[in-house]
Amino acid sequence: MYAAIEADWNDNTMKLSDSGTGGAPDTMSDLGGGRVERGAGVAVWRQIEQTLAAEIAARGFGEDGRLPSEGELAKRFGVNRHTVRRAMLGLAAQGLVSVEQGRGTFVQPGAIDYQIGRRTRFTENLRQQSHVTSGKIFSTARVKAEPVVAKALGLRAGTFVYRVESLHEADGVPLTYARSWYPAARFQDLPEALVRTQGGISAALAEFGVDDYSRRWSRIGSMLPDADIARRLNINRQQPVLWVENVDVDPAGVPIKYGITHFAADRVQLYVEQDQ
């Protein structure tokens, strides 16, 4: 939505709004409480960003936190839509708003703390913070392990594994999209077990005698999402995501899962728990 924006920094070519006095257009617009001044040394888009940020701080967008549309904001400030998009990109970069495809732009309620430690469990993590959680399995497939997957699981390349794609939400908002791989020889009917447990991975693994497991290592980074990740997390492709690559092991230290989890970066902040 906010991609490849090229706008004149001072909007010199834009039609100025009437000052409201019946005279010629002035260099100042005061529309709906937003004052925009051309030629003041501060880019018009930056002035709009600052005005909206102040209104967000004052909780000026109602209970649902939905901002006006691009067209409404353009009309309010007397600018074109490209300038509004530049301002919204600035707000998103600050973590103040998030864009939900097909719904609009919303005030970001604040990043959720997500703990990365030896016992990383999505549901436990968020329920401790009083969030309502839900999850779904998108797909399961029996595939041959690529070299990276095989190495992480201590297998030979080409060994069969189950690839599982899943999504987890917090309070109805997509938070994580994950791809995970499990040794097929050890978890022979994992897809059926996931159906029986309604997508609960811990319960499914328990059916195979894995009553507990822990994180061996995690690697954290950031990236811009591809189309599939953006669609799953309901964000645009200009919004960065955090990724956590990881390996889980059983109590004997044998790898049982290799995975990569993607987080909407403006919805979560990761913190690493030091091993005890």
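Numbers for the structure displayed
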| item | result |
| --- | --- |
| Single match in ARG196, ARG216 (criterion: over 28 Å from SER98 (Cβ atoms), without any contact (Cβ under 8 Å) to a residue 60 or more places away in the chain and touching a strand residue (DSSP E or B) at 6+ places or on another chain (Cβ under 7 Å)) | ARG216 |
| Qualifying residue in segment 85-99 (condition: part of a helix (DSSP H, G or I), aliphatic (A, V, I, L, M) and more than 21 Å from the chain's Cα centre (by Cα)) | no |
| Number of the exception - GLN101 against (1) open to solvent by 30 Å² or more (accessible area, probe 1.4 Å); (2) in contact with a helix residue (DSSP H, G or I) (Cβ under 6 Å, 6 or more places away or on another chain); (3) in contact (Cβ under 8 Å) with a residue 60 or more places away in the chain; (4) not aromatic (Phe, Trp, Tyr) | (2) |
| So ALA203, is it small (Gly, Ala, Ser) and free of Cβ contacts under 8 Å to residues at least 12 places away in the same chain | yes |
| Those residues of segment 147-162 which are without any contact (Cβ under 8 Å) to a residue 24 or more places away in the chain and buried (at least 19 other Cβ atoms within 10 Å of the Cβ), in sequence order | ALA150, VAL161 |
| Positions within segment 253-276 being open to solvent by less than 50 Å² (accessible area, probe 1.4 Å) and either modelled with pLDDT under 80 or of a type in the set (Asp, Glu) (or both), in sequence order | ASP266 |
| Failed condition for ILE220, given (1) over 14 Å from ASP248 (Cβ atoms); (2) not in a strand (DSSP E or B); (3) not small (Gly, Ala, Ser) | (2) |
| Enumeration of residues in segment 62-78 that are touching a residue at least 12 places away in the same chain (Cβ under 8 Å) and either open to solvent by 10 Å² or more (accessible area, probe 1.4 Å) or outside any helix (DSSP H, G or I) (or both) | ASP64, GLY65, ARG66, LEU67, SER69, GLU70, LYS75, ARG76, GLY78 |
| TYR162, sole failed condition from (1) over 30 Å from GLU100 (Cα atoms); (2) among the hydroxyl-bearing types (Ser, Thr, Tyr); (3) modelled with pLDDT under 90 | (3) |
| Residue in segment 194-216 that is open to solvent by less than 40 Å² (accessible area, probe 1.4 Å), on the phi > 0 side of the Ramachandran plot and part of a loop (DSSP other than H, G, I, E, B) present | yes |
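The values are calculated or read from the model by the stated rules, or taken from the named source; none is laboratory data. Fair warning: this is a prediction, and the values are worked out from it, not measured in the lab. Ideal geometry is used to build each Cβ from the backbone, glycine not excepted, and the neighbour counts take in all protein chains shown. The protein model used for the area step is the full one, side chains on, heavy atoms only, and it has no ligands, DNA or RNA in it. Shrake-Rupley method; radii C 1.70, N 1.55, O 1.52, S 1.80 Å.
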